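First comes the structure, then the notes that go with it.
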Amino acid sequence: MSPYLLGPLVVSGITAVLALLIALTDRVVNNYGTVVIDINKGKKRYEVKGGAPLLGTLASEKLFIPSACGGRGSCGACKCKVTSEVGPVLPTELPYLSKEELADGQRLACQIKLKKDISIEVPEELFSVKRFEATVSSIRDLTYDIKEVTYTLEDPAEIEFIPGQYVQIVVPPYGDLDEEVQRAYSMSSKPGDKGKVELLIRLVPGGIATTWVHRHLKQGQKARLVGPFGEFRVHDTGATMLCVAGGSGMAPFWSMLRHMEAENAHPGKDVWYFFGARSLKDMFYLDELRALEKRMPRFHFVPALSEPAPEDKWTGETGLITDVLDRFIKERIPKEKGFEGYLCGSPGMINACIAVMTKNGVAEKDIFFDKFA
């Protein structure tokens, strides 16, 4: 073997061995005993075995803090305020914490190791988050890479949620995955159907959860969900909603719109929903949304294709969804009520939509989305 290849391999092997030795030494030598977790100044108090991360320990006590990456330190969702001394902020936390959050004592629960008593503050709505046992009652292909998955909760469990919120699906070990992980997905469910959870899951190449759902999940299989989480919801104002999504970003809007129709919720709000796709094969729920548009006069549906194929025979809007949005704001949508932005999609799409909306006078504080997207 070439010495140029041998050197890096030796270094990599030594690093792996040292990391394993450090972990084993910490587990054997550093016996942290029992530690106390005080939450919201005594609202909840747990005595737990020390040594594990705060996020997983709280989950074992049935207090679930959102974590889109399942506790791997790559999403920044599991923030909580720490009001006691727990050591310096780790380099793994810094990319996800603003200066204001650092000054406020915010930390990532998945990166805090319980070595001594700790006091934290979390939103009290997390006290009602639950872990649900469920059965996969249906799996339906909406496109070549998006599945509609419906979970029926085990009786007598019911889920109370606000349209726009999300759950985390628990992915069991499979293939090279040796431990369960959790991933976040917006609910597309009807809020009135409290015994079921409906999700739209797009296959992402290499995605742990999406590969599990698309390649391994079967109808009739048992599953676990945790939730609900999230602040994404319709705000009770008179402002016109500018909703933008693509792909599985349809999910929260499908929930919101069905709720608005069924309950006549937010009756003073007009809704313009821009849904972008590359070609017709990426579109779904077209007939359902066009039917809803006829039944609900304040709802306006604007699908657009960026690269329609000749066989699509597409007669609707074409171009990037951000360009279509910009044109409609300038030329078609009444401005008297003011605007609010509602987004669900990739970070790139969200940033592009924010740029278009703010350029057209929408205040950034009035643009809403879930940060796990």
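From E93, E154, E133, E125, grab the single residue that is under 23 Å from Q182 (Cα atoms) and more than 20 Å from the chain's Cα centre (by Cα).
E154
Which of the following residues is assigned to a loop (DSSP other than H, G, I, E, B), touching an Asp or Glu at 6+ places or on another chain (Cβ under 9 Å) and touching a residue at least 24 places away in the same chain (Cβ under 8 Å): G220, G192?
G192
So, in the stretch 330-362, how many residues would count as being of a type in the set (D, E, K, R) and assigned to a helix (DSSP H, G or I)?
3
Determine the pairs where a residue that is among the aromatic types (F, W, Y), located within the stretch 290-309, has a partner that is at pLDDT 95 or above and assigned to a strand (DSSP E or B) with Cβ atoms under 7 Å apart, the partner being 6 or more residues away or on another chain.
Close Cβ pairs (under 7 Å, with a partner that is at pLDDT 95 or above and assigned to a strand (DSSP E or B)) amount to F299/V271; F301/Y273.
Which of the strands (runs of 3 or more DSSP E) found entirely inside the stretch 38-120 contain at least 1 residues meeting this: farther than 25 Å from A184 by Cα, open to solvent by 20 Å² or more (accessible area, probe 1.4 Å) and not assigned by TED's automatic domain parsing to the domain that holds R224?
Ranges flagged: 44-49.
Can you tell me which residue in the stretch 349-367 is farthest from T237 (Cα to Cα), limited to those that are within 18 Å of the chain's Cα centre (by Cα) and buried (at least 18 other Cβ atoms within 10 Å of the Cβ)?
Ranking the candidates gives M349 first.
Exactly one of these conditions fails for K281: (1) open to solvent by less than 90 Å² (accessible area, probe 1.4 Å); (2) under 27 Å from the mean Cα position of the chain (by Cα); (3) in contact (Cβ under 8 Å) with a residue 24 or more places away in the chain. Give me its number.
It is condition (1) that K281 fails.
For the stretch 30-37, indicate whether the set of residues that are at pLDDT below 95, loosely packed, with under 15 Cβ neighbours inside 10 Å and assigned to a strand (DSSP E or B) is non-empty.
Checking the stretch 30-37: at least one residue is at pLDDT below 95, loosely packed, with under 15 Cβ neighbours inside 10 Å and assigned to a strand (DSSP E or B).
So R327 ticks every box in (1) part of a helix (DSSP H, G or I); (2) open to solvent by less than 50 Å² (accessible area, probe 1.4 Å) but one. Which box is left unticked?
(2)
Kindly list the number of the only condition in (1) within 18 Å of V136 (Cα to Cα); (2) part of a loop (DSSP other than H, G, I, E, B); (3) aliphatic (A, V, I, L, M); (4) open to solvent by 10 Å² or more (accessible area, probe 1.4 Å) that fails for I159.
(4)
Name the residues in the stretch 184-214 that are touching a Leu at 6+ places or on another chain (Cβ under 6 Å) and hydroxyl-bearing (S, T, Y), would you?
Y185, S188, T210
The values are calculated or read from the model by the stated rules, or taken from the named source; none is laboratory data. The structure presented is a predicted model; accordingly, all values stated were derived computationally and were not measured. Neighbour counts are summed over all protein chains in view; Cβ atoms, including those assigned to glycine, are modelled from backbone coordinates with ideal geometry. Calculation scope for accessible area: heavy atoms of the full protein, side chains included, ligands and nucleic acids excluded. Shrake-Rupley method; radii C 1.70, N 1.55, O 1.52, S 1.80 Å.
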